[in-house]
Amino acid sequence: SLGYAIIKTGSVKNLHTWGCTERQRNRSVCMKDPQRVQEILQSMVKAGSNTVQVITDFDMTLTRFAYNGKRCPTSHNILENSNLITSDCKEKLTELLNIYYPIEIDTSRSAEEKLPLMVEWWTKAHELLVEQKIRKDLLATAVRESDAMLREGFKRFFDCLNQQNIPLLIFSAGIGDILEEVIRQAGIFHRNVKVISNYMDFDESGVLRAFKGELIHIYNKREGALLNTDHFQDLRTRPNVVLLGDSLGDLHMADGVQDLKNILKIGFLNDKVEDRKQAYLDSYDIVLAKDETLDVPNAILLYLTDNK
C-alpha cells in the first residue's frame, strides 16, 4: 500500500522516493523537505513510542472527504442531512454553507480576515440547530442512517494506538456528540481517545437548548489547545507529536503541548489541490493530496512502534 514504501526496508532511508510521485486514483504524497521528515521520525524512534502522542482533526481528516465522487458528510452535515431537522432549516444551513465555505478555503484571504466570518457562520448554524429542539436519544439513529465514512485503514489506526497505549486527541470544530457516536458505532472509541469539540447542552428532558462552553471553530484551535492545559499537563512525558489535519487552522492543535520536542505534521489536501498545494507544502511536513486512506499515517505509526 501507499505508505509501505517507508518501511519496506525497515528504515526511512528511502522516504524521499515517495516524494511527489502520482499514485493510483491521482493520490500523491508530497514533501518539501524529505530529509527533515526522516530526521523527525528517527528522533522519535530513538525516544521511543512511550514519548509519542497523536493529535488529529476529525471531519475530512479521520473521515473521508468523498466516496465514489460524492462528498461525505461532516459531523454537522450528519445532523443537517437527518430527519431531525426541517427542510426549511436545511435550506438555511445550505445558504450559510454557500456563503462561508468559499471564504474558508480562499487562499487569498488571511486567517485574521476569515476568523470573524467563521465565528459568524458557526454561531448562526448552531442557533438554527438549537431552534430545531433536537432530541438526544435520536442522535445515534441519525448517525447510523447517515453516509458518514471513516477513511480506509481507520480500524488499524485506532487499534494500533490503543494497543501501544499512545494517547489520541481528536480536536474538532464539529459536533462532539455526533463525532463520538461515529467512532462508538465503528467500535473504535477506545480508552486512549480524548475529544475536544463543540458539545450539545440538553435540558432535563433531553432536548437541545444550547451548545456548551467556548465555540471551537477552524481558526481558533490554538485558543482551544491553550484552554485544555490539564490534558496536556497529563501528557508532559510525551513531547513527540504526530499531528493530522486538513486545514491550515489545524496546525495549531498542538500549541498546548508542554516542552514540545518533535512534531510531524501530516496534512490531507482534499479539495482545490492545485490552488492550495504550495501553502500546504510550506506548512505541513507531509501533504497527502486526494488520498482517502490512512495508509501513510498507519505506516508511520508502524515505523514508530515496531522499530525494534
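Just so it is clear, none of the values below were taken in a lab; they were calculated from the coordinates. Quantities reported herein were computed from a predicted structural model and do not represent experimental measurements. Quick reminder, even Gly has a Cβ in these numbers, built from the backbone with ideal geometry, and neighbours come from all protein chains shown.
Tabulated results
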{"read-out": "J(HN,Hα) series, the stretch 108-124, from Karplus relation 6.51 cos²θ - 1.76 cosθ + 1.60, nearest Hz, glycine and proline x", "value": "7, 9, 7, 4, 4, 5, 6, 3, x, 6, 5, 4, 4, 4, 4, 5, 4"}
{"read-out": "Expected 222 nm ellipticity per residue - DSSP helices of 4 or more, -39500 (n - 2.57), all of the chain, to 500", "value": "-12000 deg cm²/dmol"}
{"read-out": "The chain - percent relative contact order, Cα under 8 Å, separation 6 or more", "value": "28"}
{"read-out": "In degrees, nearest ten, helix 273-283 long axis to first principal axis of the chain (Cα)", "value": "60"}
{"read-out": "Shape category assigned to the stretch 160-252 from the gyration tensor of Cα positions, a/c cut at 1.5", "value": "oblate"}
{"read-out": "Relative packing of peptides 263-269, 119-125, 96-102, 33-39 - highest average C-beta neighbours within 10 Å first", "value": "263-269, 119-125, 33-39, 96-102"}
{"read-out": "Ascending count of other beta-carbon atoms within 10 Å, so fewest first, for ARG276, ARG209", "value": "ARG209, ARG276"}
{"read-out": "Cα gyration tensor, the stretch 61-171 - rounded (a/c under 1.5), prolate or oblate", "value": "oblate"}
{"read-out": "Extended-chain gain in nm, criterion 0.36 nm per residue less alpha-carbon gap, GLU112 and GLU274", "value": "56.0 nm"}
{"read-out": "Note, ³J(HN,Hα) from phi for the stretch 130-144, Karplus 6.51, -1.76, 1.60, rounded to Hz, x at Gly and Pro", "value": "4, 4, 7, 6, 5, 8, 4, 6, 9, 5, 4, 5, 4, 5, 4"}
{"read-out": "Beta bridge orientation in the chain: antiparallel %, DSSP, nearest 5", "value": "30"}
{"read-out": "Pairs beyond 24 Å (Cα-Cα), from LYS136/LYS290; LYS46/LYS155; LYS92/LYS194; LYS114/LYS272", "value": "LYS136/LYS290; LYS46/LYS155; LYS92/LYS194"}
{"read-out": "Derived scalar couplings ³J(HN,Hα) [the stretch 40-48; Karplus, 6.51 cos²θ - 1.76 cosθ + 1.60; whole Hz; x for Gly, Pro]", "value": "4, 4, 5, 5, 5, 4, 4, 6, x"}
{"read-out": "Global form of the stretch 57-112, assessed from the alpha-carbon gyration tensor, a/c cut-off 1.5", "value": "oblate"}
